[in-house]
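Everything on this sheet refers to the single structure shown next.
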Amino acid sequence: MQIALDATRASHGPAASLLAGARLLHPSSEPQPGAARSFEKGAAVFAEGDPATAFYKVVSGAVRTSQLLSDGRRQIDAFHLPGDIFGIESGARHLFSAEVVEDATLIAYRGRCLDALAIADADLARQIVAAMIRSLERARAHLLLLGRKTALERIATFLLDLSARLPDVEHIDLPMSRMDIADHLGLTIETVSRLLTQLDRDGVIEVSAQRRSIILRDRAALRRLGT
């Protein structure tokens with residue numbers, strides 16, 4: 001998420017100050033929420049290069065944002081879960097594609113000027129500021145993960161981070177595929193499957209027969225592996 005923060009404008013409080021700097025190019029009208037809309041698994045929310053005329057809040061389900069590299073490989077930068085806001089851009093077009101990985105309900109906030117939002121809807125303004133901060137924190141953590149951690153450390157970190165974002169911190173129903181996980185962590189699908197099997201065999205996690213449900217049996221061991 002590309003956001004330019006303007007710390008010098010604080011006339012309407014911290015949220016207004018941050019959102020004032022998150023103005024999108026060629027403003028037309030302040031964001032207006034549309035009705036909640038359902039998306040089926042695999043549906044595209046927007047494509048890389050599309051006009052950035054709206055941003056979105058996840059009500060239910062999961063969405064991935066990704067970018068294609070010049071050689072055709074896919075890099076998934078983030079998975080967006082209920083409560084997350086995504087699709088805010090500093091430029092006129094989206095830098096990433098967004099696709100639904102699990103049947104989802106989204107609210108689209110249309111309009112391309114965020115300046116008035118801090119005054120018009122203070123609660124939404126606070127949500128957007130929190131989403132911007134979380135996105136920056138996750139981007140830094142993901143950069144460290146890709147640049148410095150081993151494959152096993154990446155898997156352990158991913159499971160711990162995902163569990164912290166879900167209602168049941170011990171039981172993870174994976175909304176994404178093994179391939180999605182691989183493209184997010186910079187690994188192959190074979191490596192992801194092998195390491196999950198290894199953690200299952202070692203008693204650290206338990207993988208269901210359907211392979212989409214994971215129980216964290218030993219969080220302490222995962223933390224040791226992830227650091």
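The values are calculated or read from the model by the stated rules, or taken from the named source; none is laboratory data. It should be emphasised that the depicted structure is a prediction, and the values quoted were computed from it without experimental measurement. Glycine gets a Cβ as well: all are built from the backbone with ideal geometry, and neighbour counts include every protein chain shown. For accessibility, only protein heavy atoms count, side chains too; no ligands or nucleic acids. Shrake-Rupley method; radii C 1.70, N 1.55, O 1.52, S 1.80 Å.
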Specify the residue that is surrounded by the most Cβ atoms within 10 Å (Cβ to Cβ); the eligible residues are those in segment 164-183 that are in contact with a helix residue (DSSP H, G or I) (Cβ under 7 Å, 6 or more places away or on another chain) and more than 15 Å from Ser213 (Cα to Cα). Ala182
Cβ-Cβ under 8 Å pairs, at least 6 apart or on other chains, segment 164-185 side of a type in the set (A, V, I, L, M, F, W, C), far side part of a loop (DSSP other than H, G, I, E, B): Leu166/Leu81; Ile172/Leu166; Leu174/Arg212; Ile181/Leu174; Ile181/Leu187; Ala182/Thr188
Restricting attention to segment 85-98, which residues are at pLDDT 90 or above and surrounded by fewer than 20 Cβ atoms within 10 Å (Cβ to Cβ)? Arg93, Leu95, Ser97
Going by what's in this entry, would Asp161 be described as within 17 Å of Ala62 (Cβ to Cβ), open to solvent by 30 Å² or more (accessible area, probe 1.4 Å) and assigned to a helix (DSSP H, G or I)? yes
Just need a number here: residues in segment 199-219 that are at pLDDT 95 or above, open to solvent by 30 Å² or more (accessible area, probe 1.4 Å) and part of a helix (DSSP H, G or I). 2
State whether the residues of segment 48-66 include one that is open to solvent by 40 Å² or more (accessible area, probe 1.4 Å), in a strand (DSSP E or B), more than 30 Å from Arg212 (Cβ to Cβ) and at pLDDT 90 or above. yes
Taking segment 143-158 and keeping only residues that are outside any loop (DSSP other than H, G, I, E, B) and either among the β-branched types (Val, Ile, Thr) or over 15 Å from the mean Cα position of the chain (by Cα) (or both), one is left with Leu144, Leu145, Leu146, Gly147, Arg148, Ala151, Leu152, Glu153, Arg154, Ile155, Ala156, Thr157
Write out, first by first residue and then by second, each pair whose Cβ atoms fall under 6 Å of each other, whose residues are 6+ apart or on separate chains, and whose first residue, in segment 210-227, is under 12 Å from Leu196 (Cα atoms) while the second is among the charged types (D, E, K, R). Ser213/Asp173; Ile215/Glu206; Leu216/Glu170
Residue count for segment 99-114, restricted to those that are touching a residue at least 60 places away in the same chain (Cβ under 8 Å), part of a strand (DSSP E or B) and open to solvent by 20 Å² or more (accessible area, probe 1.4 Å): 6
In segment 67-85, what count of residues is obtained for those that are farther than 22 Å from Ser163 by Cβ and not in a strand (DSSP E or B)? 5
Identity of the residue in segment 184-198, open to solvent by less than 80 Å² (accessible area, probe 1.4 Å) and not β-branched (Val, Ile, Thr), that ends up farthest from the chain's Cα centre (by Cα): Gln198
Taking the condition touching a strand residue (DSSP E or B) at 6+ places or on another chain (Cβ under 9 Å) and assigned to a helix (DSSP H, G or I), does Leu196 pass? yes
